[in-house]
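First up is the structure itself, then whatever we jot down about it.
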Amino acid sequence: MNSMNEANARVAEKDYQSVWDACLAFIKDNLPGRENEKVFDTWFKPIVPVKLDGGTLIIQVPSPFFYEWLEHNYADLLKQAIQLTLGPQGCLQYSIVMDTSIAEQPITTRIPAVGGQSTMNVPRDAPMDIGQGGRVLPNPFVIPGIQKVRINSQLSGSYTLHNFVEGECNQLARAAGYAVAEKPGKTAFNPLMLHGGVGLGKTHLANAIGLKTKELNPELTVLYVTSEQFMQQYMDAGRNGTTSDFVHFYEMVDVLIVDDIQFWANKAGRTQEAFFHIFNTLHQSGKQLIITSDKAPSELQGLETRLTSRLKWGLAAELLPPDVETRMGILRQKLANDGVEMPAEVVEYIAYNINTNVRELEGALISLMAQSSLNHRDITIDLARQMVDKFVKSTNREVTIDYIQKVVCDYFNIPIESIQSRTRKREIVQARQLTMYYAKKLTKSSLAIIGLQCGNKDHATVLHACKTVANLADTDKQFRCWVEDLDKKFKE
Ligand code: ADP
Ligand code: MG
C-alpha cells in the first residue's frame, strides 16, 4: 500500500471532530513554555473543526490575525499533530471568519501544513490593516482557485451610479465609468482618470464605479483608497519593515481606485515611486486603475513625470461644473431622497444662483431646509434668497482687485488708470484708498500685492489707507455714504 492510500484508509475511519480532538490532545501535551494552559485556552480552544475533506482537515479560526498567529507560532506543532492523526499526506486548511461588512462567507485559505513544503515560511511581519477588517494574508502557499482573500473595499454605499445625476457636464466620465465597471481592465480606459474642480463629483463617481464593478463582477477585488491613506500606509509599512507586504497587498487588487492623487504633488516622492511600480504591475496584468485628481494629467505639477505620463495612457475624463438643468436634477433628487417638498420656484432660484459646484449647491439646500425647520418658517423664495446670499457671498464670489478698481472708479466716475497714476488729487487719492480697503476686505491678497496693483505702493501705504477709510467712515458723513453705497455694490 502506498502512503497516500494508507492515509486515506486511516482518514476513512475518522470524523473531523475526533481527528481534531486527537490533535488537541497532542497539542496540549506538547505546547512549550510555562503558560501553556493559558496558551491552549487562548489559541486552540476557539478553533472549530468544520470538515474532513479527504486527507484535509478544515478548521475555522475567528480572524485573520488568529490565523497569522497560529502560523507564526504553532505551525510546527500543528503539522506534527496533523501528521500523527492523518498520516504524512494529511493537510490542514483554515477557514477564516472575516470581520468585514461585505464578507458573506468565511474565507478559506489553504495551507499545506504538512507535506513537501514548510509552512514556517510565512513572513513574520504583522498583517497590514486596510480599513476595518480587510487584511493581508501574507501566505506564500497560495493555491490558485482556492485562496480567496476578501478585503474591505472601503466603498461607501451611498455614492452610487444610480444617484449620480447625469448631465452634459459628466456624460463622458459617467459613460466611461460604466464601461469600466462592465469590463474592468479590458477597455482602453485604463487608467480611467477623472479630473475636475472641487465638489464636482469625482469621489462620488469613482466610488460609484467601484460599487458597480463589484455588482457586475462579484469575484473581483475592488479597493478604494485616498491618496493620503495610501501614503500613510506606505510610510507606516516602511517604519514597520513591511513594505513588501504593502506592495504585495496592492498588487492583489483587481480594481484599484486612488482618490485625489494631486495630494502627492511636491511631496511623497517615495510614495509616488511605490505607486508607480504598483501601477505598472497592475496595468501589465490587465487590472483596472481609476484615479481622480483636481487637474488633468498634463497640468498636474509636482508629480513625477514618469507617473503623469502613465496617467495619460488611458482616458482622462473631465467633470465640469453642472449646467442649470443638472443642478435642478441634483436638487430634485436630494429633496426626493430626504422626503422634503419645496416650491418649484425655490428650487429654480437655488439652481440658477449657485453655479459653482455640487457641494455648494447641496450646502445651500441643506441650510435652507435647516433654517426652515429650526425657525418653523415656510420655504419661500425670500428665505431661499437670504440663504443663497449668505452662501454665495461668503464662499463663492472671490472678487478680484481689478474688479474692485472698476467698481470704485465707476462709482466716482473717474478713469480706472488714475488709480495707477502718481497724482495726489484728492478724489483720486480717496478712490485709491477705497480700492485698497475693499481689496483687503474682499480678497485674500496680501498687503504687498494690493499695493503693487494700486499704483505700486508699499504695504505700509495699504495699511494706512485701510485705517484712513475706517476712520473717515466713522467721522465723515459724506464718506460714510460712499462706503455704504460701495458696500451695497459689492454685495450685488
Ligand atoms: P469631489 O470629489 O469632486 O470634490 P464629491 O464627489 O465629493 O466631489 O461631490 C460633492 C457632493 O456633490 C457629494 O455629496 C456628491 O454626492 C454630490 N454630487 C456631485 N456630483 C453629483 C451628481 N452628478 N449627482 C448627484 N450628486 C452629485
Ligand atoms: Mg473628492
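The table that follows gives values for the structure above.
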quantity: Length gained when the stretch residue 337-residue 220 is fully extended (0.36 nm per residue, less Cα-Cα span); calculated: 39.1 nm
quantity: Reachable lysines from residue 287, criterion Cα separation under 23 angstrom, eight or more residues apart if same chain; calculated: 148, 183, 186, 202, 212, 214, 312
quantity: Cβ crowding within 10 Å averaged over residues, with 322-333, 289-300 ranked highest first; calculated: 289-300, 322-333
quantity: P(r) weight above 25 Å for segment 337-492, C-alpha pairs, percent; calculated: 44
quantity: In segment 12-58, GluC sites (Glu not before Pro) in a DSSP loop with at most 13 other beta-carbon atoms within 10 Å; calculated: 13, 35
quantity: Spacing of the two label points (7 Å from each Cα toward its C-beta) at residue 236 and residue 251, in nm; calculated: 2.2
quantity: Cα-based Rg / Dmax (Å) for segment 242-297; calculated: 11.5, 33
quantity: 476, 402, ranked by accessible area, largest first (probe 1.4 Å); calculated: 402, 476
quantity: Spacing of the two label points (7 Å from each Cα toward its C-beta) at residue 40 and residue 374, in nm; calculated: 6.4
quantity: Solvent-accessible area, 1.4 Å probe, carbon plus sulfur percent, for segment 323-397; calculated: 48
quantity: Projected label distance in nm at residue 484 and residue 266, using a 7 Å step from Cα toward the beta-carbon; calculated: 4.5
quantity: Tensor-based shape of segment 225-380 (alpha-carbon gyration tensor, a/c under 1.5 rounded, otherwise prolate or oblate); calculated: prolate
quantity: Using a Förster distance of 60 Å, the FRET efficiency for residue 476-residue 182 (Cβ separation, nearest 0.05); calculated: 0.30
quantity: Anchor residue 477: aspartates and glutamates whose Cα lies under 14 Å away (excluding residues fewer than 8 positions away in-chain); calculated: 485
quantity: Gyration tensor (alpha-carbon) shape descriptor, segment 172-259, a/c threshold 1.5; calculated: oblate
quantity: Solvent exposure of segment 379-492 as accessible area per residue, Å², 1.4 Å probe; calculated: 60
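The values are calculated or read from the model by the stated rules, or taken from the named source; none is laboratory data. Here the structure is a predicted model, which means the values were calculated and not measured. Because the Cβ atoms are built from the backbone with ideal geometry, glycine has one as well, and the counts that use them run over all protein chains shown. Only protein heavy atoms, including side chains, enter the accessible area calculation; ligands, DNA and RNA are left aside. Shrake-Rupley method; radii C 1.70, N 1.55, O 1.52, S 1.80 Å.
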